[in-house]
1. Can you report the number of residues in segment 276-286 which are surrounded by fewer than 14 Cβ atoms within 10 Å (Cβ to Cβ) and either within 19 Å of residue 218 (Cβ to Cβ) or within 22 Å of the chain's Cα centre (by Cα) (or both)?
2. Scan segment 257-275 and tell me whether some residue there is buried (at least 21 other Cβ atoms within 10 Å of the Cβ), touching a helix residue (DSSP H, G or I) at 6+ places or on another chain (Cβ under 9 Å), of a type in the set (Gly, Ala, Ser) and farther than 30 Å from residue 77 by Cα.
3. What are the residues in segment 243-264 that are of a type outside the set (A, V, I, L, M, F, W, C) and over 15 Å from the mean Cα position of the chain (by Cα), if any?
4. Can you find a residue that is under 30 Å from residue 359 (Cα atoms), surrounded by fewer than 20 Cβ atoms within 10 Å (Cβ to Cβ) and among the charged types (D, E, K, R) anywhere in segment 176-186?
5. For residues that are hydrophobic (A, V, I, L, M, F, W, C) and under 21 Å from residue 86 (Cβ atoms), scanning just segment 364-400, find the one that is surrounded by the fewest Cβ atoms within 10 Å (Cβ to Cβ).
6. Identify, from the list 365, 380, 372, the residue that is within 23 Å of the chain's Cα centre (by Cα) and of a type outside the set (D, E, K, R).
7. Restricting to segment 332-358, what's the tally of residues that are modelled with pLDDT of 95 or more and not in a helix (DSSP H, G or I)?
8. Inside segment 294-305, can you point out the residues that are surrounded by fewer than 13 Cβ atoms within 10 Å (Cβ to Cβ) and outside any helix (DSSP H, G or I)?
Amino acid sequence: MSTLSELPETPAAGGEEHVVPNPQSHRTPESGSVPLGRELLAVPAPASRVREPFGHRAEIDGLRGLAVLCVIAYHSGLLEGGWLGVDIFFALSGFLITSLILEEHANSGAVSLRYFYARRALRLLPALLTLVLVLSIVLLVTTTREYRGYLQLYVLAVLFYFANWIEPWGTPLGWGFGHTWSLAIEEQFYLVWPLALIALLRFVRRRAMILTIVMGAIAAAFAYRIVLTRAGASAIRLFEGSDTHADPLLIGCALALLRSSDMLPRERTPRMVLSCLAGLSTLGLAALLLRARLPLDYVEHAASTLAAICTSVIVADLVGPRSLLRRPLRSGLLVGTGRVSYGLYLWHYPIFFALGIQTYGAISAGWTIATAWGGTVGAALVSFFVIERPALRWKTRFTPGGKHVEAARDDPEPSASASAGSPSPDLGSSGRAVWG
């Protein structure tokens, strides 16, 4: 659960867009140029005017922080619907990654898959490899030889991102690896979606048609889940399958296409309607987080789909001007939590497992839960400052345009902190895909 330095943003104040010349090329894509020194997959794009890339938005970090807190609270046995935090992440991931690809395409007429996957690897793998190494050493020391085959399977499944298929195939995903199914779904999304989107941009081109195709894919994923449900598929197959849990990711993708096509409301009255819908979505999401039960509400009531829709409406409001939700989501605690959310997600589950905290059944003692939360925060901070942030410094080598572009994307907006009312802690550059 999987996101840090590459979110293309709308302006923080006023909602106006600035038009700038393409910084990546001496000529327009119509004249056949591509960014200097880059081996890119060229895709035709309008090039006379491009959207200026903006720095990260603190409120998106805040929403990410809220999501990971919900997940941890769920695994503490404290929040019945906290499992939907994963779907908040999925919707954010679809939106942010699609926005990144569309921005690069708009600015240069091309998308560098080589750079895209290099950035994803630098963002995700160092911390994940550390987790796998630590867990492997502990389990090798504490388990008997007869269980080594399971450990080998788990390590392979996590490192090659097919952990979400382990349990549907009939093998329990345990020993502190039980949360890695969501990381596998996201990585499979990162592998497939950029290729699909580039193909759509190449051969379909019209954003309205691309959006229609994505909406059709959302409906197809939803319908396929219903078909499998009626055919008697297990709840774990429905929940952890990439095909049956794709709609939250695609809903985020659809929002990014809406935004990049300037289909989100700008005038005062439509903006007020969107703000009202965002307020209702906030209440709806809160109700889901408090009451949704797994697997019943996932299988029978489409709770994940509803959570992703609510999240996307909230994000649509946040990326516009004068959102009332922006200030609370820019609180220092939520923003700081969001910036270390990847480490929090990676480490909370094995720590909870080691301390015997169970999601279901009797709630663990308060001191045990407090110890687990404290250990999780400590491990996440070490992961961020010692492993993740040093790795992120290499991302400038894999950014079209070089260091000046990456710096512009990583630096917070000057107006953001000034208008937030509460400063956010400086924890370094923030991830732009849900842990990706």
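The values are calculated or read from the model by the stated rules, or taken from the named source; none is laboratory data. Quick caveat: nothing in here was measured; it's all calculated off a predicted structure. All Cβ positions, even for glycine, are placed from backbone atoms using ideal geometry, and neighbour counts span all protein chains on display.
1. Looking only at that region, the number is 2.
2. Checked segment 257-275: at least one residue is buried (at least 21 other Cβ atoms within 10 Å of the Cβ), touching a helix residue (DSSP H, G or I) at 6+ places or on another chain (Cβ under 9 Å), of a type in the set (Gly, Ala, Ser) and farther than 30 Å from residue 77 by Cα.
3. Here is the first cut: in segment 243-264, the residues of a type outside the set (A, V, I, L, M, F, W, C) are 243-245, 247-248, 252, 259-262.
Those that are of a type outside the set (A, V, I, L, M, F, W, C) and over 15 Å from the mean Cα position of the chain (by Cα): 243, 244, 259, 260, 261, 262.
4. Taking segment 176-186 and keeping what is under 30 Å from residue 359 (Cα atoms), we get 176-186.
Of the ones still in play, those that are also surrounded by fewer than 20 Cβ atoms within 10 Å (Cβ to Cβ) are 178.
Okay, now just the ones that are also among the charged types (D, E, K, R), so none.
So far as segment 176-186 goes, no, none of its residues is under 30 Å from residue 359 (Cα atoms), surrounded by fewer than 20 Cβ atoms within 10 Å (Cβ to Cβ) and among the charged types (D, E, K, R).
5. The first filter runs over segment 364-400 and keeps only residues hydrophobic (A, V, I, L, M, F, W, C), leaving 365, 367, 369-370, 372-373, 377, 379-382, 384-387, 391-392, 394, 398.
This time we only want the ones that are under 21 Å from residue 86 (Cβ atoms), so: 369, 372-373, 377, 379-380, 384.
On the way: 369: 20, 372: 22, 373: 19, 377: 17, 379: 21, 380: 24, 384: 22.
Top of the filtered list is 377.
6. Values: 365 fails: within 23 Å of the chain's Cα centre (by Cα); 372 fails: within 23 Å of the chain's Cα centre (by Cα).
Criteria check complete, one pass: 380.
7. The number of residues fulfilling the criteria is 1.
8. Let us first name the residues in segment 294-305 that are surrounded by fewer than 13 Cβ atoms within 10 Å (Cβ to Cβ), namely 296, 300.
The one that is surrounded by fewer than 13 Cβ atoms within 10 Å (Cβ to Cβ) and outside any helix (DSSP H, G or I): 300.
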